[in-house]
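Input: a single structure, listed below in structure tokens.
The values are calculated or read from the model by the stated rules, or taken from the named source; none is laboratory data. Keep in mind that what you see is a predicted model, and the values were worked out from it rather than measured. Please note: Cβ atoms are built from the backbone with ideal geometry, for glycine as well, and neighbour counts cover all protein chains shown. Accessible surface is based on the protein model in full, side chains and every heavy atom, while ligands, DNA and RNA are left aside. Shrake-Rupley method; radii C 1.70, N 1.55, O 1.52, S 1.80 Å.
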Amino acid sequence: MATPERTQELLKGLHDAVVEFEEEKTVELSKAAVEEGVDAYDAIMKGLAWGMETVGGLYARHEYFVPELLLCADSLYAGLEVLRPQLKKSDAAKTEKKIILGVVEGDIHDIGKNLVKVMFDAAGWEVLDLGNDVQIDRFAQEQQRTGASVVGLSALMTTSMLAMPRIIKMVKSQNPKVAVMVGGAPITREIATSYGADGYADNAGEAVAEADRILKTVRDS
Amino acid sequence: MTSQDSVIHQDRVEALLKGEKVDQVPLFHFIIGFCARNVGYSVADMYRDPEKSFMAQLWTFEQYGVDGGPDYGYASYGGWEFGGEIKFPSSEWQQAPSHVGFPVNSEEDLARLKTPDVRTAGSLPLAMEFSRLQDKFNKPISVVLGGNFSIAGNICPVGTLCRWMLKRPEAAHRLLRIATDHLVEVVQYWADSFGAERVIPNLWEPVAANNIISPRQFEQFALPYIKEANERMLAMGIKHILYHICGEQNMNLPHWAKIPMGDPGLVTFGHEVDLNTAINYFGDSCLILGNVEPSIIQNGTHQQVYDLCRQCIDKAKHAPRGFMLMSGCEIPPMSPPYNVYMMKKAIDDFGHYS
């Protein structure tokens, strides 16, 4: 069993390895955490997720760009692969927030959506990633099947963004208590509102906080 | 509009390229999908049938008083040409051809990659057929390609290129070398076919935007290749290069300003770049084109579009080498026609030179 000091050292090490996109080191430290009896949930949330939180800040300050984010995400997922199987059932149940993500029909540009997925994964959400060029009726179908509380839509193209209001209408008419958020280069908060979305994120770093906010708003409404 | 009017429209662009005065700000469009809707064709027709594409643009340009174009090309250029697969637009939500599979997904694929035969690769036979129509109708000869970095980002997934830049820079450089040589070979083919002085390469660079890479990464992986390619094009006798500096590229502008574009060059900007900033960097050497926000043209009111056009004209009308009003990227196919007309109306109302 790791001492409190050793536990802190491992958590800080996991944080740093994610921030510095050292994938092998992340795996080594994740294995060490498991072997030394560090709680897997803590290793994820107080190590890996903390790292991605720092990465999000670096991205917002234009110190990191997409290449760095992708490599940080590779490190995160490598660590999660080691740690997730070690989660206790009670910890796994803590993941009660579920989001469906996808790039709307007609659009194949998925880098933004993938970065958003990383942020939700890091924050402990259960993510159902539908990929890109997702047919418009599939979002409502998958929401009904999975009971996800939030649906996130992404588009890079001005033409494909026009699919968003129709998708939002489908999801909302099925269940008004589902929160829908949108994002992508041509989208603004004003456009999001006009489309009937509950929320909008300008970048991946803001997406999780926005999802938490709109989830509460929609549930309280 | 009469055929005489058509000559006047083309003359405005030619006059600016010669450094002569014009009577009003010219209107320059990249508007392929909208033209399909305008004349009753499918968007896919515009990419797989050069004659339909050319005529649809010609007719629409006449209707909307456009001075530049027509052009053939799309942002995903490079994947098909190097052996990947694309699909043509088939639904109302699709704007242009898009990737189905990339020719390079690994370093092993990259090791086997060779520059393709420019006479037969991917969309190039269609583009050449289109340029023969430009020649037949005495229009400017353009060849629309991605910039070097965007071609590389279409040969392999952008995410792969991003990872290679940091972890396997030699692989990224090899890919960029191949993309650069290919780009120059294509332009040489056009120069050999029509005469270098008549060809204006029309190069689009969305992947190098700061939404994706840092200015430092631009300096290391985009700048040297773009600069080299432009120097080689100008050395073969090309007079003017049009570069669409697409998306959020404010942090890259000091690097772009080091790249020769011809005399004058033509630089077009996304709405993210203020036209005063663009003039500061490029005004002495290039025509400035831009930059009405496409999503406003599609989703905004006609008054919003009109106001944005006026702002662009007011800022850039007196750019030292000239200015052409254009959208910040391709005009979306589903844009309301009256919004598109606002660009001409704004020029009629505010774009005249006394």
Helix B:3-17 axis, angle to chain B major axis (alpha carbon atoms, nearest 10°): 60
Residue list for the stretch B:169-192, given a label point 7 angstrom along the Cα-to-Cβ vector of B:A235 and an amide N cut-off under 18 Å: B:177-192
Using a Förster distance of 30 Å, the FRET efficiency for A:M1-A:E81 (Cβ separation, nearest 0.05): 0.80
Karplus-derived HN-Hα couplings along the stretch B:320-325 (A = 6.51, B = -1.76, C = 1.60, θ = phi - 60°), whole Hz, x at Gly and Pro: x, 9, x, 9, 10, 6
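For chain B, what does the equivalent ellipsoid look like in terms of its semi-axes, each the square root of 5 times an eigenvalue of the Cα gyration tensor, given largest first in whole Å? Show your work: numbers first, answer last.
Numbers: eigenvalues 183, 99, 79 Å².
Taking √(5λ) for each eigenvalue gives 30, 22, 20 Å, largest first.
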Heavy-atom accessible surface that B and A bury in contact, both chains counted, 1.4 Å, Å² to 100: 2400
In degrees, nearest ten, helix A:111-122 long axis to first principal axis of chain A (Cα): 50
Extended-chain gain in nm, criterion 0.36 nm per residue less alpha-carbon gap, B:S193 and B:E20: 59.5 nm
Under-5 Å amide H pairs with B:F323, H placed in peptide plane, nonlocal only: B:I288
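Accessible area per residue for the stretch B:208-339 in Å², computed with a 1.4 Å probe and the full protein assembly in place, what is it?
Values: 4460 Å² over 132 residues.
I get 34 Å² per residue for this part.
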Per DSSP, loop trypsin sites (Lys or Arg not before Pro) in the stretch B:105-137 with at most 13 further Cβ within 10 Å: B:K114, B:R119
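Of the accessible area of chain B, with the probe set at 1.4 angstrom, what percent is carbon plus sulfur?
Carbon and sulfur atoms account for 49 percent of the accessible area of chain B.
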Quarter of Cα convex hull surface for the stretch B:143-182, i.e. mean projection, nm²: 2.5
Contact order relative to length of the stretch B:209-307, as percent, for alpha carbon pairs under 8 angstrom and 6 or more apart: 25
Long-range amide H partners of B:S142 with built H, under 5 Å: B:I200
Per-residue average of Cβ from other chains inside 10 Å of B:286-298: 2
Loop trypsin sites (Lys or Arg not before Pro), the stretch A:1-66 (other Cβ atoms within 10 Å of the site Cβ: 13 or fewer; DSSP): A:R61
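Efficiency by 1/(1 + (r/R0)^6): what FRET value for A:S173 and A:R213, r their Cβ-Cβ distance, R0 = 22 Å, to the nearest 0.05?
That gives a FRET efficiency of 0.45.
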Approximate spin-label separation B:R48-B:S106, in nm, with each point projected 7 Å along Cα-to-Cβ: 3.2
10 Å Cβ neighbours from other chains, averaged over peptide A:62-75: 5
Chain A - percent relative contact order, Cα under 8 Å, separation 6 or more: 17
Rg in Å to one decimal, and Dmax rounded to a whole Å, for the protein assembly as shown via C-alpha atoms: 24.9, 88
List of the stretch B:85-115 residues, accessible area with partners at least 40 Å² below that of the chain alone (1.4 Å probe): B:W93, B:Q95
Accessible area of the stretch A:91-190 belonging to carbon and sulfur atoms, whole % at 1.4 Å probe: 50
Degrees, to the nearest 10: B:302-316 long Cα axis against longest axis of chain B: 80
Those GluC sites (Glu not before Pro) in the stretch B:84-162 that DSSP places in a loop and that have at most 16 other beta carbons within 10 Å: B:E92
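To the nearest whole number, what is the average tally of beta carbon atoms from other chains within 10 Å of the beta carbons of peptide B:155-163?
Mean shielding by partner chains, rounded to a whole number: 4.
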Rounded to whole Hz, the Karplus (6.51, -1.76, 1.60) HN-Hα couplings of the stretch B:24-39, x for glycine and proline: 8, 4, x, 9, 10, 10, 10, 8, 5, x, 4, 4, 4, 4, 4, 10
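Chain A: longest stretch without exposed GluC sites (Glu not before Pro) (DSSP loop, at most 11 other Cβ within 10 Å), sites themselves excluded?
Formally, the longest exposed-site-free interval is A:97-221.
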Average accessible surface area per residue within the stretch B:161-200, 1.4 Å rolling probe, Å²: 37
Kirkwood-Stokes translational diffusion coefficient of chain A, alpha-carbon pairs, 4 °C, 1.567 mPa s, µm²/s: 72
1.4 Å probe accessible area per residue over chain A, in Å²: 44
Relative contact order (%) - criterion: Cα under 8 Å, at least six apart; region: chain B: 18
